[in-house]
1. Would you confirm, using the coordinates I've provided, whether Pro390 is under 30 Å from Arg618 (Cβ atoms) and not hydrophobic (A, V, I, L, M, F, W, C)?
2. If you check Arg479 against the conditions, is it under 30 Å from Leu324 (Cβ atoms), assigned to a helix (DSSP H, G or I) and modelled with pLDDT of 85 or more?
3. Of the conditions (1) over 26 Å from the mean Cα position of the chain (by Cα); (2) closer than 21 Å to Ala349 by Cβ, Leu680 clears all except one; give me its number.
4. What do you reckon, is Leu516 closer than 26 Å to Ile127 by Cα, in contact with a Phe, Trp or Tyr (Cβ under 9 Å, 6 or more places away or on another chain) and surrounded by fewer than 22 Cβ atoms within 10 Å (Cβ to Cβ)?
5. Which members of the stretch 527-540 meet the condition of being assigned to a helix (DSSP H, G or I) and either surrounded by fewer than 19 Cβ atoms within 10 Å (Cβ to Cβ) or at pLDDT below 90 (or both)?
6. Keeping to the stretch 542-567, report how many residues are in a helix (DSSP H, G or I), modelled with pLDDT of 90 or more, surrounded by 18 or more Cβ atoms within 10 Å (Cβ to Cβ) and not small (Gly, Ala, Ser).
7. Could you list all residues from the stretch 626-647 that are farther than 17 Å from Leu684 by Cβ and surrounded by 14 or more Cβ atoms within 10 Å (Cβ to Cβ)?
Amino acid sequence: MTPKTHTRLAWFWALTLLGCVVLAGWMITHGVRFDTRVTALLPDTHQSARVQQANAQLGSQFQDRFVLMVKSDDLPGSVKALAERLEQSPAVERLQWRPGDFDTGDPVALLGPARYRLLDEDLRKKIDAGDYQAIEQRALRQLFMPDGLDQHPIRDPYGLLDRWLAGTMALPFRTDSNLITLTHEGSRYAVLIGTLEGNPFSQSTQSTLHQAINSVTAAHPDMTLLRSGMIFHAYEGAQQARQEISTFGLGALIGLLLILWLVFRSPKTMATLMVPLLAGGLFALAATLLVFGRLHLLTIAFGTSLIGIAIDYAIHMQCARAALGQRFALRPMLPGLALGLFSSVLAFAAQALTPMPGLRQMAFFAATGLIGAWLTVVLWLPRVTLKTTPSAAAAADRLWSLFCAFKGRLTVAWALVGVVLALSIIGVRLHTNDSLQLLTTSSSPLLKDEQQVQSILGRDTGSRYLLLSAATPEQWQARAEMLEPLLKRLVKNGHLGGYELLTDHVPSSAHQDDNLERTRTLYDKTLASLYGQAGLPSSLIQKAQARLVNPPHLTLEAWLESPLGQSDRRLWLGHSDTEAGVAGVIPLKGALDDAGLAALERAARHAPYLSYEDRVARIATVLGELRRTIAGWVGGAFVVLAALLALRYRRRTWRVMAPAAGGVLITLAVLALAGTPVNLFHQLALLLVIGLGLDAGIFMAEHRARHAWLAITLSSASSLLAFGLLAFSATPVLHHIGLTSLIGLLSVWLLVPLVQPHTLDLPETPH
């Protein structure tokens, strides 16, 4: 490259970075979305349209709503203060906390005409057993002291409507002091249900709601608050990510600056090391915003790790310049710099191949940041004049004498022994864990709140359910009723905690017809006696029985469109644009043991219209598949890189590859000995270890000089600061990446001098 061409490229790169500043600034000021969703890290599970619809529908209430349960010495005063503050908050569209806030419509208008077809289970059993006396005595008491919705001698002498509502629509709630309350384990709670105005992952919505709640809890220290809803989990995840971005990023930067100052003692040299880092970060930010349109906060947290890699190239060049002075030339440095960039970007490219949007974004950010830093080093740094730095030369001599001057080296035979030992430990002791808890960012108190609220209300987030299909709604109801005996048996035997069945509220037409026959039998057997004891004229009997001639059925459509059926709408999927027929879901609640799971899976195998779905288990399965796939990529990457590097290094290829390969094996062996299960994110971090290990091996093979070992040491120190600090992250994803990187990068650094040949006699650096 001629000096003129080099100058043109340097100016072109400067203009590119200026464009990045304009683009990133414009996108940020015009409302670019900063994503806080942990679900963005989840892969596409490639499930059917029905399953995807069911997942979205079951999770919609958890995502768009929130529940607060309040316990306080002054419950009315505390709840009123909290409700008023929330109703004023722009984050809340609607708040339900008083009896009048819940619109149940007119049950008599909806259910009254069909009441003769709606019998609760207890009444059906009594009629089938011929236990008419108990039914008659209860009806007689209610005729004399009517307290139901529509207790009338002709329309409903047996109080069928009230019995149905009490048996199928029973709720734990009570009205007390104009509040909605319930009692759990001796404590009285008031319940507030809010509907969000905005997206639960919106930072403004999160902070606004959080501030509103905190302002009231601070003013009422006796208040105990239980929280449930996606927005609380999203807020904690976002807060944690922001805190870790500032903590780890700042900590790594301060530590790196301190180390570099001790070596170079030159503000100008320090500045040249920071410029590529800033340029790479700017290029990565603009490119990521342009490609993805949004930025995940975990991407920024992970991007702080670029401090450890992006500065690599600058360190290698400036160590050589500081030590060699006038003897420095760019051309001999280019092969090592180019191979180092290629190996690192290849490691991130493998991460970008995963079908996980969040990880693809993190990998893209890292790769583009490295490319931007590399271009800055090659195009700008040689144009900055630097003097020889005695402190850098002295540091190179000292590090060489401490770590590289010994005569012992790792031979091929001993390397093979180490490989066999590590593989034996890994094969015997290494375990895996693909649990979805790897992605959990919520604190233990919030998770405890969530579990308690879901348990008290008898609802959950619908992670496990049965998906039931049919040709028509009537056939669906019939199939659901055929399934109910199995579900009841599992609950009775303790294999299943509970379930929600739409046909408990809307029986099939055949079931309603059977109930009508029971009602007619009840009237024939006892109505005359009931009227006689109540002192009613026998002429009313015919009028009452006339209502049983052809009463209407209660239909699914009417029920779901009514206020009473609002909570059941999430259970009905209806017709689909992509699949024939209709479908609905049966959420499973509470515990499900192995026997219960086996029974449900067996039922699904024998019924093609039924499937058991577990969203958590499904995602764990996908994570496991990705983990195994990435393990194959790691092996494939080693083979491809070894073949490519062999074209240049020939018989020395194993020495170039050994630090990276050894770092991977040592890391896995240490994790195995520690009993730490390996997951997908450990393996993603191993890709980073491979990239950095290859960097070190390549630079040592390319530049047999003491400044190369100084640069490798400084690069390793910066990487250990950037990645190693992530080991202390409370975010499981970053913690696993950090822990793996800490072990792997330290192993790489220690292996580099061990695998160098005996004949390596590095020349003295000038002082």
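1. no
2. Values: under 30 Å from Leu324 (Cβ atoms): no; assigned to a helix (DSSP H, G or I): yes; modelled with pLDDT of 85 or more: yes.
Considered against the rule, which asks whether it is under 30 Å from Leu324 (Cβ atoms), assigned to a helix (DSSP H, G or I) and modelled with pLDDT of 85 or more, Arg479 comes out as no.
3. So Leu680 meets the others, but not (1).
4. The answer is yes for Leu516.
5. Of everything in the stretch 527-540, those that are assigned to a helix (DSSP H, G or I) and either surrounded by fewer than 19 Cβ atoms within 10 Å (Cβ to Cβ) or at pLDDT below 90 (or both) turn out to be Ala528, Ser529, Gly532, Gln533, Ala534, Ser539, Leu540.
6. Counting residues in the stretch 542-567 that are in a helix (DSSP H, G or I), modelled with pLDDT of 90 or more, surrounded by 18 or more Cβ atoms within 10 Å (Cβ to Cβ) and not small (Gly, Ala, Ser) gives 3.
7. Leu641, Ala642, Leu644, Leu645, Ala646
This table checks each residue for (1) in a helix (DSSP H, G or I); (2) more than 24 Å from Trp400 (Cβ to Cβ); (3) small (Gly, Ala, Ser); (4) in contact with a Phe, Trp or Tyr (Cβ under 8 Å, 6 or more places away or on another chain).
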position: Leu688; (1), (2), (3), (4): yes, yes, no, yes
position: Asp695; (1), (2), (3), (4): yes, no, no, no
position: Met700; (1), (2), (3), (4): yes, no, no, yes
position: His707; (1), (2), (3), (4): yes, no, no, no
position: Ser715; (1), (2), (3), (4): yes, no, yes, no
position: Leu745; (1), (2), (3), (4): yes, no, no, yes
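The values are calculated or read from the model by the stated rules, or taken from the named source; none is laboratory data. Keep in mind that what you see is a predicted model, and the values were worked out from it rather than measured. Glycine gets a Cβ as well: all are built from the backbone with ideal geometry, and neighbour counts include every protein chain shown.
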